[in-house]
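The values are calculated or read from the model by the stated rules, or taken from the named source; none is laboratory data. All values derive from a computational prediction rather than experimental measurement. Neighbour counts are summed over all protein chains in view; Cβ atoms, including those assigned to glycine, are modelled from backbone coordinates with ideal geometry.
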Amino acid sequence: MTRTNASEPAGHPFWRDKTLDELSGEEWEALCDGCARCCLNKLEDWETGEIAWTNVACTLLDGESCRCRDYDNRAATVPDCVRLTPEEVRTLTWLPPTCAYRLVAEGRDLYWWHPLVSGSPDTVHEAGISVRGRTVPEDGMALEDYENHLVDWPLEEG
């Protein structure tokens, strides 16, 4: 089902007019806001399903640009890297509440700081939404030490 708003002129933003399934590859990639929260290790309570956020970054995450160092080949280095698809977006419980994929899936609009709205890739960092400068590398860290790196991120749902 395509969402439309009769009060908007033709050519309004694609994320308001299309579902995740209708996006082109280029539109899909553009929807990523560059926050990099999905590239952080998360801990899940096996009994409750509750997600605990850490600041422990994937080995491929560039903590300054908040982008993957080898996006096209990431699964070769990180076999458990989750490739987001419309189906995955609808079922993953750990996507941040600010994630553009999640927002579009829920029929909501993007935040003012999203690069597609602001016109600048820097606003996600300026707004304090991204993980820029706030991560530690997972390389060499024991899994049991992840609990020492629990964090709260802006606009995180409880």
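Touching a Gly at 6+ places or on another chain (Cβ under 9 Å) and of a type in the set (S, T, N, Q): which single residue out of Thr93, Thr123 fits that description?
On inspection, the qualifying residue turns out to be Thr93.
Of all residues in segment 123-137, how many are of a type in the set (Asp, Glu) and either in contact (Cβ under 8 Å) with a residue 24 or more places away in the chain or touching a helix residue (DSSP H, G or I) at 6+ places or on another chain (Cβ under 8 Å) (or both)?
Of the residues in that region, 0 qualify.
Show the residue pairs meeting these rules: Cβ distance below 7 Å; 6+ apart or different chains; first residue within segment 27-51 and over 13 Å from Glu147 (Cα atoms) and touching a residue at least 24 places away in the same chain (Cβ under 8 Å); second residue part of a loop (DSSP other than H, G, I, E, B) and small (Gly, Ala, Ser).
Close Cβ pairs (under 7 Å, with a partner that is part of a loop (DSSP other than H, G, I, E, B) and small (Gly, Ala, Ser)) amount to Gly34/Ser130; Cys35/Ser130; Ala36/Ser130.
Just checking, how many residues over segment 121-158 are assigned to a loop (DSSP other than H, G, I, E, B), surrounded by 12 or more Cβ atoms within 10 Å (Cβ to Cβ) and not aliphatic (A, V, I, L, M)?
11
Tell me yes or no: at least one residue of segment 4-14 is at pLDDT 90 or above, in a loop (DSSP other than H, G, I, E, B) and either more than 21 Å from Tyr111 (Cα to Cα) or of a type in the set (Val, Ile, Thr) (or both).
No, because not a single residue in segment 4-14 is at pLDDT 90 or above, in a loop (DSSP other than H, G, I, E, B) and either more than 21 Å from Tyr111 (Cα to Cα) or of a type in the set (Val, Ile, Thr) (or both).
So which residues in segment 93-111 are surrounded by 12 or more Cβ atoms within 10 Å (Cβ to Cβ) and more than 16 Å from Asp21 (Cα to Cα), if there are any at all?
Residues satisfying the conditions are Trp94, Leu95, Pro96, Pro97, Thr98, Cys99, Asp109, Leu110, Tyr111.
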